[in-house]
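A.B. asks: I am attaching a structure below and will ask some questions about it afterwards.
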Amino acid sequence: MKVYAVLGDPVEHSLSPVMHNAAFREMGLQASYHAFRVGINRLRDAIRGADAMGFGGLNLTIPLKEGAMAVVEPDETAKAIGAVNTVSFRGGIRGHNTDGIGASLALRHYGVDVRGAKVLLIGAGGAARAIAYQLSREGARIVVTNRTPERGLALARDLGLEFRPFVEIEELVRGSDILINATSVGMRDGDPRLFDGSMLRAEQVVFDIIYSRETELLRDARRARAKAIDGVMMLVYQGAAALRIWTGLDAPVDVMEGAVRAALRG
Ligand code: NAP
C-alpha cells in the first residue's frame, strides 16, 4: 500500500483526498491519500519524514508552496514559478509545480485556445505565478494586475510580462479576450466584486480558479453569456499531472471530476 498526502494549514477542507482516492480506486492501485495539517516551521521534518516512511508522493497547499523551495530539489518549472505543489521521492526529494499545466489543460478542456489571446491575469500569488508561467509559454499575451503593486510588478518582472495598476481594472477587463481571477476574492459568501461584472461581453472567456463555490464573477459572466469556467478542472488536471509524476500513469480525469463535484454538492 503506497501512502500519499496533501500538507497544508488549514487543510481540513481539501478535496485532494476525495479526488485522488477516487482515482486510485478506478486505476486499481493499492494506495491511499490523506490530508495532514503541517505548519511552515515543520515542513522540512514532514517532507523528510514522508520520504523516510516510503510515501509515494505529496501535494503542498497554502502556506507551504513557496517555503518548500528550500527543502526540495525543484525542477525547472518549480524554479521558474518559485513554488512547489507536488513532491516526488524517486531519485531524491524533488519539487514540481503542476498548477500552471492544470490551468492550461482546464482551458483546453473547455475549448479555449490561449495562443495570441489577450489575457488579463488578476492576482500575483502562487497560483497566478504558475498560470502566468505556463500560459506565456503557450503564446498568450498576458497583462498582470494585482491589488499590491509590488507583488504584481515582481511577477511581471520575473516572467517578462506587462503589469498595470489595479485601479485600471475596468479598462483592462474591457480590453481582454480571456480574464482569469487568480485571487482569493470570491471564496467567501459576501466577498466584494473585483469590478462591475455588467461590463463583461459574450465573446469573452472568464476563468475563475476558485472551485469551492459558484462565485459572483462566474454568475456575472453567465449573465453576460460569456464562457464561464470554474476552478474544478484546474484542480483535477493539476492532480492528474501530479499522479503522472508519481506513478507514470494517466489519471481518470472524468472520475476525479465526478468525485470533486459530488463532494462540493455535499
Ligand atoms: P495567495 O498566494 O495567497 O494569493 C492571493 C492573491 O489574492 C493575491 O494576488 C492577493 O493580492 C489577492 N487578493 C486577496 N484578497 C484580495 C482583495 N480583497 N482584493 C484584491 N485582491 C486580493 O493565494 P494562491 O495560492 O495564489 O491562491 C489564490 C486562489 O486560487 C485561492 O482562492 C485558491 O483556492 C485558488 N487556487 C485554485 C487552484 C485550482 O486548482 N483551481 C489551485 C491553486 C489555487 P495581494 O498581493 O494584494 O495580497
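The values are calculated or read from the model by the stated rules, or taken from the named source; none is laboratory data. Everything quoted here is computed from the prediction, not taken from an experiment. All Cβ positions, glycine included, derive from the backbone under ideal geometry; neighbour counts span all protein chains shown. Note: areas computed on protein heavy atoms with side chains; ligands, DNA, RNA excluded. Shrake-Rupley method; radii C 1.70, N 1.55, O 1.52, S 1.80 Å.
A.B. asks: Please specify each residue of the range 142-190 satisfying the condition of being part of a loop (DSSP other than H, G, I, E, B) and aliphatic (A, V, I, L, M).
C.D. replies: Across the range 142-190, the qualifying residues are Leu161, Ala182, Val185, Met187.
A.B. asks: Would you point out the residue of the range 132-155, among those that are in contact with a strand residue (DSSP E or B) (Cβ under 8 Å, 6 or more places away or on another chain) and away from the ligand (no atom under 16 Å from the Cβ), that is nearest to Ile169 (Cα to Cα)?
C.D. replies: Arg141
A.B. asks: For the range 29-73, which residues satisfy the criterion of being in contact (Cβ under 8 Å) with a residue 60 or more places away in the chain and either assigned to a strand (DSSP E or B) or of a type outside the set (A, V, I, L, M, F, W, C) (or both)?
C.D. replies: Those that are in contact (Cβ under 8 Å) with a residue 60 or more places away in the chain and either assigned to a strand (DSSP E or B) or of a type outside the set (A, V, I, L, M, F, W, C) (or both): Gly56, Gly57, Asn59, Lys65, Glu66.
A.B. asks: Scan (1) assigned to a loop (DSSP other than H, G, I, E, B); (2) buried (at least 20 other Cβ atoms within 10 Å of the Cβ); (3) not small (Gly, Ala, Ser) for the single condition Leu135 breaks and write down its number.
C.D. replies: (1)
A.B. asks: Another one. Any idea which of Ile229, Ile245 is buried (at least 23 other Cβ atoms within 10 Å of the Cβ) and either assigned by TED's automatic domain parsing to the domain that holds Leu58 or over 20 Å from Val18 (Cβ atoms) (or both)?
C.D. replies: Ile229 is the lone residue from the list that is buried (at least 23 other Cβ atoms within 10 Å of the Cβ) and either assigned by TED's automatic domain parsing to the domain that holds Leu58 or over 20 Å from Val18 (Cβ atoms) (or both).
A.B. asks: Oh, and also: Looking at Gly239, Gly197, Gly160, which one is under 21 Å from Val112 (Cβ atoms), touching a residue at least 24 places away in the same chain (Cβ under 8 Å) and either open to solvent by 40 Å² or more (accessible area, probe 1.4 Å) or outside the structural domain of Ile122 (by TED's automatic domain parsing) (or both)?
C.D. replies: That would be Gly239, the only listed residue that is under 21 Å from Val112 (Cβ atoms), touching a residue at least 24 places away in the same chain (Cβ under 8 Å) and either open to solvent by 40 Å² or more (accessible area, probe 1.4 Å) or outside the structural domain of Ile122 (by TED's automatic domain parsing) (or both).
A.B. asks: All but one of (1) aliphatic (A, V, I, L, M); (2) open to solvent by less than 20 Å² (accessible area, probe 1.4 Å); (3) within 13 Å of the ligand (Cβ to nearest atom); (4) under 25 Å from Arg151 (Cβ atoms) hold for Val206, so report the exception by its number.
C.D. replies: That leaves (3) as the condition not met.
A.B. asks: Same structure, new question: So in the range 106-131, with the set limited to residues that are within 11 Å of the ligand (Cβ to nearest atom) and part of a helix (DSSP H, G or I), which one is most open to solvent (accessible area, probe 1.4 Å)?
C.D. replies: Arg129
A.B. asks: Still on this structure, please answer the following. Return the residues of the range 191-211 that are among the hydrophobic types (A, V, I, L, M, F, W, C) and assigned to a loop (DSSP other than H, G, I, E, B); say none if nothing qualifies.
C.D. replies: Leu194, Phe195, Leu200, Ala202, Ile209, Ile210
A.B. asks: I've got another one for you. Quick one: in the range 74-91, which of the residues that are open to solvent by 40 Å² or more (accessible area, probe 1.4 Å) and assigned to a loop (DSSP other than H, G, I, E, B) is farthest from the ligand (Cβ to nearest atom)?
C.D. replies: Restricting to residues being open to solvent by 40 Å² or more (accessible area, probe 1.4 Å) and assigned to a loop (DSSP other than H, G, I, E, B), the top hit is Gly91.
A.B. asks: Same structure, new question: Among the residues of the range 1-31, which ones are of a type in the set (Gly, Ala, Ser) and closer than 15 Å to Ala242 by Cβ?
C.D. replies: Matches in the range 1-31: Ala5, Gly8, Ser14, Ser16, Ala22, Ala23, Ala31.
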